[in-house]
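Participant: Pasting a structure here, questions to come.
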Amino acid sequence: MNIRKLKAAMVERGISTGQLADRIGINRSTLYRRIAAQGRDFTIGEAESIAAALNLSPAESTAIFFGRDVA
């Protein structure tokens with residue numbers, strides 16, 4: 001998962017991590033932990049909810065959820 005691209009998409013859309021957690025129906029601390037873990041623990045359903053909440057295009061979704069951060 002490419003966390004940098006996820007965060008960039010959130011910034012572009014003016015959505016904070018807390019707001020995103022509320023929109024996808026998970027606890028804020030859970031979302032913060034999953035982001036800190038580089039997205040390894042996101043479920044497919046959560047990824048779909050994030051894509052919908054951020055109104056991601058198919059290309060953006062692929063880049064975020066199937067890409068990798070370069071450390």
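The values are calculated or read from the model by the stated rules, or taken from the named source; none is laboratory data. Quick caveat, the model's predicted, so the values are computed rather than measured. Every residue, glycine as well, gets a Cβ built from its backbone with ideal geometry; the counts of neighbours run over all protein chains shown. What goes into the accessible areas is simple: the full protein's heavy atoms, side chains included, and nothing from ligands, DNA or RNA. Shrake-Rupley method; radii C 1.70, N 1.55, O 1.52, S 1.80 Å.
Participant: When only C-alpha pairs under 8 Å and at least 6 residues apart count, what is the relative contact order of the chain, in percent?
Facilitator: 53 percent
Participant: Would you please give the FRET efficiency between S16 and I44, computed as 1/(1 + (r/R0)^6) with r the Cβ-Cβ distance and R0 = 25 Å, to the nearest 0.05?
Facilitator: Plugging the Cβ-Cβ distance into 1/(1 + (r/R0)^6) gives 0.60.
Participant: A further question follows. Could you please report the charge total around N27, scoring K, R as +1 and D, E as -1 over all other residues with beta-carbon less than 15 angstrom from its beta-carbon?
Facilitator: With Lys, Arg at +1 and Asp, Glu at -1, the net is +1.
Participant: Further question: Quantify how much of the Cα-Cα distance distribution of region 27-71 extends past 11 Å, in percent.
Facilitator: Numbers: 685 of 990 pairs.
Everything past 11 Å amounts to 69 percent.
Participant: Where the accessible area of the chain is counted over protein heavy atoms with a 1.4 Å probe, how much of it, in %, is carbon and sulfur?
Facilitator: Accessible surface attributable to carbon and sulfur in the chain totals 52 percent.
Participant: For A59 and S29, what does the FRET efficiency come to when R0 = 22 Å and r is the distance between their Cβ atoms, rounded to the nearest 0.05? Kindly include the intermediate steps, with their values, before the conclusion.
Facilitator: Numbers: r = 31 Å, r/R0 = 1.39.
The calculated FRET efficiency here is 0.10.
Participant: Counting only trypsin sites (Lys or Arg not before Pro) that sit in a DSSP loop (anything but H, G, I, E, B) with at most 13 other Cβ atoms within 10 Å, what is the longest stretch of the chain containing none of them?
Facilitator: 1-39
Participant: Taking the Cα centre of the chain as origin, sum charge times position over the Cβ atoms of Lys and Arg (+1) and Asp and Glu (-1), and report the length of that vector in debye to the nearest 20.
Facilitator: Values: 10 positive and 7 negative charges, 44 e Å.
For the chain, the charge dipole is close to 220 debye.
Participant: Taking a ≥ b ≥ c as the square roots of the Cα gyration tensor eigenvalues, with a/c under 1.5 meaning rounded and otherwise prolate when a/b beats b/c, else oblate, which class fits region 1-57? It would help to have the intermediate numbers written out before the result.
Facilitator: Numbers: a/c = 1.25, a/b = 1.17, b/c = 1.07.
Rounded shape, in that the Cα axes give a/c under 1.5.
Participant: Compute the accessible area per residue over the chain, keeping the other protein chains in place, probe 1.4 Å, unit Å².
Facilitator: Details: 4410 Å² over 71 residues.
On a per-residue basis, 62 Å².
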